[in-house]
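Below is a structure I'd like to ask you about.
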Amino acid sequence: MFHLLQYYTTESVTAGHPDKVCDQISDAILDAALAEDPKSRVAIEVVGSHGAMLIAGEIKTNANIDFEKIARKTYTDIGYEDNLEIAVRVAKQSSDIAQGVDQGGAGDQGIMYGYATDETKAFLPLGVVYAHALAKKLEDLRTSGTLKWLRPDGKTQVTIKNGKVVTALCSTQHSEEVTLEEIRRALTEHLFKAVLGDISGIEILVNPTGRFVQGGFEADAGLTGRKIMVDTYGGLLPHGGGAFSGKDSTKVDRSAAYMARFAAKNLVANGYAKKALVSVAYAIGRVEPVMVEAFDENGKNLSDIVTKNFDFRPLAIIERLGLRKPIFQKTAAYGHFGVAGRSWEEVIKI
């Protein structure tokens, strides 16, 4: 049995947050490889810090990848204009790992979780939905030109108590000339009211430090895979620890987490649970998972329903969810779950 807190806080970040910049570059490289060679195996990590970027990892592909070009384009598209020094240290995938994956085995060991709840249309906790909605709206206000003083880096946060928002927070990078009073006035109107509606009774916090001019890699280092709670369920549910971005779908850290979400969402959508938690575990190189388990909010075991309707073998996941396509860069900001059109969000009859 598992219980969600009635009083909790969740956060999100904009696409311009340093960690998310790294996630998007990692997934842009993955997409470039898959576009030319759908069976590419990719494990790309990016670190950015104070004018420099390192692209590291392993790859096995027939695609011709210009790592630096992809990184610079992604960085510019996000909204940054500074010219980074970029180093590339990418090697060929270890043959020791490849020999197991070649036979359809898992690309790594580990535990993955999937969750769904009926409390929102996105089948996600309310706080997760609102945190992402605020972050995405913040970016939209910048890219549309509605608030010209906004800059790419930003974070949002909401606190939920008994199903209602009680505190909403935004920390956003901004230009030098705008005043804190203008930032708070404009975001109250264009961000918080636009996303939350009636904000009476909600504590609104905007740039609590009072100033956020320096952002991105100029202010902080970024790293692929450092926002795993933002990517999933806001820290409210268990997490196996494996990040998603930069990994092709033979890495069950990513693909099995997607499949677990797919199974959990369909348990709820088909009326088997109001809240469902699915967990799965693997041994590296082994085809069959070592564990598949599922429970509803009351502790009822739903594992038999899951194993009957969902195949958690790595190649079966790849086939069922169409994970050899270049679809991953779009997942690298504002959460991997709850977004219509993604294969693991499809509702089926079980």
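Each row is one residue, and each column tells you yes or no for (1) within 20 Å of the chain's Cα centre (by Cα); (2) surrounded by 20 or more Cβ atoms within 10 Å (Cβ to Cβ).
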| residue | (1), (2) |
| --- | --- |
| C22 | yes, yes |
| I25 | yes, yes |
| A35 | no, no |
| A63 | no, no |
| G79 | yes, no |
| D82 | no, no |
| E85 | no, no |
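If you take the residues of region 195-230 that are β-branched (V, I, T) and part of a loop (DSSP other than H, G, I, E, B), which of them is surrounded by the most Cβ atoms within 10 Å (Cβ to Cβ)? First the steps, then the outcome.
Looking only at region 195-230, we keep the residues that are β-branched (V, I, T), and these are 195, 199, 202, 204, 206, 209, 213, 224, 228, 230.
From what's left, part of a loop (DSSP other than H, G, I, E, B): 199, 202, 209, 213, 224.
On the way: I199: 15, I202: 17, T209: 7, V213: 13, T224: 29.
Filtering first and then ranking leaves T224.
Any residue at all in region 5-16 that's under 25 Å from K137 (Cβ atoms), part of a helix (DSSP H, G or I) and either acidic (D, E) or touching a Ser or Thr at 6+ places or on another chain (Cβ under 8 Å) (or both)?
no
Here is a further query. Which one is farthest from E218 (Cα to Cα), of the residues in region 37-58 that are of a type in the set (V, I, T) and surrounded by 22 or more Cβ atoms within 10 Å (Cβ to Cβ)?
V42
So, A116, is that one assigned by TED's automatic domain parsing to the domain that holds K265 and either under 22 Å from the mean Cα position of the chain (by Cα) or modelled with pLDDT under 95 (or both) or not? Steps first, please.
Details: assigned by TED's automatic domain parsing to the domain that holds K265: yes; either under 22 Å from the mean Cα position of the chain (by Cα) or modelled with pLDDT under 95 (or both): yes.
Yes, satisfied.
Which one of these does Y272 not meet: (1) buried (at least 16 other Cβ atoms within 10 Å of the Cβ); (2) touching an Asp or Glu at 6+ places or on another chain (Cβ under 6 Å)?
Evaluating Y272 over (1) buried (at least 16 other Cβ atoms within 10 Å of the Cβ); (2) touching an Asp or Glu at 6+ places or on another chain (Cβ under 6 Å) leaves (2) as the failure.
Restricting to region 293-350, name every residue that is surrounded by fewer than 18 Cβ atoms within 10 Å (Cβ to Cβ), in contact (Cβ under 8 Å) with a residue 60 or more places away in the chain and of a type in the set (D, E).
Those that are surrounded by fewer than 18 Cβ atoms within 10 Å (Cβ to Cβ), in contact (Cβ under 8 Å) with a residue 60 or more places away in the chain and of a type in the set (D, E): E297, E346.
Could you tell me which of the residues A186, A133 is buried (at least 16 other Cβ atoms within 10 Å of the Cβ), modelled with pLDDT of 95 or more and farther than 18 Å from P208 by Cβ? Before the answer, list the steps.
Values: A186 fails: farther than 18 Å from P208 by Cβ.
Selected residue: A133, the only one of A186, A133 that is buried (at least 16 other Cβ atoms within 10 Å of the Cβ), modelled with pLDDT of 95 or more and farther than 18 Å from P208 by Cβ.
Could you please find all residues in region 134-185 being in a strand (DSSP E or B) and among the polar types (S, T, N, Q)? Can you show your working first?
So the first thing to find is which residues in region 134-185 are in a strand (DSSP E or B), and the list is 150-161, 164-174.
If the condition is that a residue be in a strand (DSSP E or B) and among the polar types (S, T, N, Q), then T156, Q157, T159, T167, S171, T172, Q173 are the ones that fit.
Condition check ((1) over 16 Å from P152 (Cα atoms); (2) outside the structural domain of N298 (by TED's automatic domain parsing); (3) modelled with pLDDT under 95; (4) not in a strand (DSSP E or B)) across all residues:
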position: M1; (1), (2), (3), (4): yes, yes, yes, yes
position: D23; (1), (2), (3), (4): no, yes, no, yes
position: A28; (1), (2), (3), (4): yes, yes, no, yes
position: A33; (1), (2), (3), (4): yes, yes, no, yes
position: P38; (1), (2), (3), (4): yes, yes, no, yes
position: I44; (1), (2), (3), (4): yes, yes, no, no
position: V47; (1), (2), (3), (4): yes, yes, no, no
position: L54; (1), (2), (3), (4): yes, yes, no, no
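Let me confirm something: among K265, K251, which residue is out of contact with any Gly (no Cβ under 7 Å at 6 or more places or on another chain) and surrounded by 21 or more Cβ atoms within 10 Å (Cβ to Cβ)?
On the way: K251 fails: out of contact with any Gly (no Cβ under 7 Å at 6 or more places or on another chain).
Only one candidate qualifies: K265.
Also, I was wondering about something else. So G341 clears everything in (1) within 26 Å of Q157 (Cα to Cα); (2) outside any loop (DSSP other than H, G, I, E, B); (3) not β-branched (V, I, T) except one condition, right? Which one?
Every listed condition holds for G341 apart from (2).
Given the criterion of a type in the set (D, E, K, R) and free of Cβ contacts under 8 Å to residues at least 60 places away in the same chain, identify the matching residue among K148, K155, K136.
Working: K155 fails: free of Cβ contacts under 8 Å to residues at least 60 places away in the same chain; K136 fails: free of Cβ contacts under 8 Å to residues at least 60 places away in the same chain.
Only one candidate qualifies: K148.
On the given criteria, is G110 closer than 20 Å to W344 by Cβ and either surrounded by fewer than 21 Cβ atoms within 10 Å (Cβ to Cβ) or without any contact (Cβ under 8 Å) to a residue 12 or more places away in the chain (or both)?
Working: closer than 20 Å to W344 by Cβ: yes; either surrounded by fewer than 21 Cβ atoms within 10 Å (Cβ to Cβ) or without any contact (Cβ under 8 Å) to a residue 12 or more places away in the chain (or both): yes.
Judged against the criteria, G110 is a match.
Sort out which residues of region 173-183 are exposed (fewer than 13 other Cβ atoms within 10 Å of the Cβ) and in contact (Cβ under 8 Å) with a residue 12 or more places away in the chain, and write them in order of number.
We begin by selecting, within region 173-183, every residue exposed (fewer than 13 other Cβ atoms within 10 Å of the Cβ); these are 175-177, 179, 181.
Once the filter is applied, which keeps residues that are exposed (fewer than 13 other Cβ atoms within 10 Å of the Cβ) and in contact (Cβ under 8 Å) with a residue 12 or more places away in the chain, region 173-183 yields S175, E176, E177.
What number of residues within region 270-284 are charged (D, E, K, R) and part of a strand (DSSP E or B)? Let's see the steps before the verdict.
Step one: list which residues in region 270-284 are charged (D, E, K, R), which gives 274-275.
Now narrow it down to the ones that are part of a strand (DSSP E or B): 275.
Final tally of qualifying residues: 1.
Now a separate question. Over 20 Å from the mean Cα position of the chain (by Cα) and not assigned by TED's automatic domain parsing to the domain that holds R313: is that true of G235 in this structure?
In short, no.
Among the listed residues I59, I70, identify the single one that is closer than 30 Å to V213 by Cα and outside any loop (DSSP other than H, G, I, E, B). So that I can check it myself, show each step before the final result.
Details: I59 fails: closer than 30 Å to V213 by Cα.
The conditions single out I70.
The values are calculated or read from the model by the stated rules, or taken from the named source; none is laboratory data. Computed from a prediction, not measured in an experiment: that's the story for all the values here. Methodologically, a virtual Cβ is constructed for each residue, glycine included, from the backbone with ideal geometry; neighbour enumeration extends over all protein chains shown.
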